[in-house]
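Visitor: One structure coming up, written as structure tokens, with questions to follow.
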Amino acid sequence: MNDQKMQITLSKEVMEALREAADKKGVSPNILVRQFLYERFNRSDAEVKTYTFTLKDWREFEGYAEERKLGNVENLALYAMSCYMNKNALTAAQKQRIEERYRKTDPIESGAFPLKAEGV
């Protein structure tokens with residue numbers, strides 16, 4: 001792999017905000033920037049959705065995530081969902097129904113909002 005380094009300059013305010021956001025996620029600012037870039041360039045906005053839910057035993061979940069080196073509860077939830085979905089995989093027919101359902105409702109896929117990204 002031919003990784004390349006990039007140096008950027010951030011204002012104090014932006015760097016402080018970046019540190020706060022990284023702390024909330026349980027990662028370093030460098031990792032947070034890499035995550036952001038990876039997600040931004042590898043996913044369309046239509047593929048990302050945010051869910052909010054209430055955890056009554058949040059301390060236990062937070063502690064578990066820290067002990068298992070997953071960083072935070074959000075990462076633990078993503079890991080747990082991945083494991084569950086891998087263990088209990090959908091059939092080809094179920095996957096097809098899901099694809100058809102979202103193709104009809106997605107404004108880009110349905111053609112209601114044509115989007116062509118060239119050179120990205």
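Visitor: Between Asp3 and Arg34, what length in nm is gained on full extension when 0.36 nm per residue of separation is reduced by their alpha carbon distance?
Guide: Net length gain for the segment: 9.9 nm.
Visitor: Calculate, in nm to one decimal, what Gln96 and Glu60 gain on full extension: separation in residues at 0.36 nm each, minus their alpha carbon distance.
Guide: 9.2 nm
Visitor: Give the peptides 69-75, 6-12 in descending order of average Cβ contacts within 10 Å, highest first.
Guide: Most protected by this proxy first, the peptides run 69-75, 6-12.
Visitor: Tell me whether the stretch 1-98 comes out rounded, prolate or oblate; compute the Cα gyration tensor, take square roots of the eigenvalues as a ≥ b ≥ c, and use a/c under 1.5 as the rounded threshold.
Guide: Oblate.
No value in this document is a laboratory result; all are computed from the given coordinates. Values in this document were obtained by computation on a predicted structure and should not be read as measured data. Ideal geometry is used to build each Cβ from the backbone, glycine not excepted, and the neighbour counts take in all protein chains shown.
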